[in-house]
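Working notes, beginning with the structure itself.
The values are calculated or read from the model by the stated rules, or taken from the named source; none is laboratory data. Computed from a predicted structure; not experimentally measured. Please note: Cβ atoms are built from the backbone with ideal geometry, for glycine as well, and neighbour counts cover all protein chains shown. The area values use the complete protein model at the heavy-atom level, side chains included, leaving out ligands, DNA and RNA. Shrake-Rupley method; radii C 1.70, N 1.55, O 1.52, S 1.80 Å.
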Amino acid sequence: MRLTIALGTLLLTGNVWAGAQQYEPLAASVQAALQASIADHAAPEPQFPSLEEKIDWLTEMSRRLSPRMPDREARLDFLKTVYYEAKRAGLDPQMVLGLIQVESGFRKYAVSSAGARGYMQIMPFWVKLIGSEDSNLFHLRTNLRFGCTILRHYLDLENGDLYRALGRYNGSLGQPEYPNMVRGAWEGRWSWGPRVMQATR
């Protein structure tokens, strides 16, 4: 019941739970791997299981996103980039859409009180840690690549426990509100096929 009320409040007020990832020293090997992941500039054309699924997914997700992102071309570019970067990091694209909804409300230039930026609310210290001087956290692809790479890192750190990884991503490890809100947005608005996150804690 409390989760339903919280979700309703989020949707009605447009409030977002902007991220505040905590700086943690990284082992040199982890830092190098994350830097390599951010630096790879492969073309962001997503690979779907079939052309039919690509058309179906983009059509349906575009329809769902249209109230928040009216420009069709920008919306399709955004969705293709989300799909590409999520799959590249081994994440469910629909979960990433749920996270973006909660983090920034799909606002490209969102800035939190903690200084987190863009769609996935990336803290600027990540640029110094794994990026480069020209990393612009308001650039669509850069923001999504950082966000998906960071969440993948947290998932690996937490041995695949998405609940705990989301807590780390938001800087609220051990508190249920944020992971539950992401799960609610994911399952309530962006669900598509099988989901991997099961338990509400």
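Before moving on, here are some points about what is shown:
- Residue separation of His139 and Glu158 scaled by 0.36 nm, minus their Cα-Cα distance, works out to 4.0 nm of gained length.
- Coupling constants for the range 148-154 follow from the phi torsions by the Karplus curve (6.51 cos²θ - 1.76 cosθ + 1.60, θ = phi - 60°), and in residue order they are 5, 5, 5, 5, 4, 4, 5 Hz; glycine and proline get x.
- Taking the range 118-194 and dividing mean pair separation by its residue count, relative contact order in percent (alpha carbons under 8 Å, at least six apart): 18
- Rh by Kirkwood over Cα pairs, then Stokes-Einstein D for the range 115-168 at 0.890 mPa s and 25 °C, µm²/s: 215
- Most to least accessible of Thr59, Thr149 (protein chains only, probe 1.4 Å): Thr59, Thr149
- Where Glu52, Glu177, Glu158, Glu103 fall by accessible area, highest first, once all protein chains stay in place (1.4 Å): Glu52, Glu177, Glu158, Glu103
- Overall form of the range 142-194 per C-alpha gyration tensor (a/c, 1.5; a/b vs b/c): oblate
- Karplus-based coupling profile of the range 158-165, in residue order and whole Hz: 9, 6, x, 7, 5, 4, 6, 4, with θ = phi - 60° in 6.51 cos²θ - 1.76 cosθ + 1.60 and x standing for Gly or Pro.
- In the range 117-170, the portion of solvent-accessible area held by carbon and sulfur atoms comes to 45 percent [1.4 Å probe, whole percent, DNA, RNA and ligands not counted].
- Backbone geometry of the range 101-116 corresponds, through the Karplus equation with coefficients 6.51, -1.76 and 1.60 at θ = phi - 60°, to 3J(HN,Hα) couplings of 4, 6, 5, 10, x, 6, 9, 4, 9, 5, 10, 7, 5, 7, x, 5 Hz, x marking Gly and Pro.
- Spin-label model, Ser191 to Lys128: label points 7 Å out along the Cα-to-beta-carbon direction sit 4.3 nm apart.
- With contacts taken as Cα pairs under 8 Å and at least 6 residues apart, the range 37-190 reaches a relative contact order of 22 percent.
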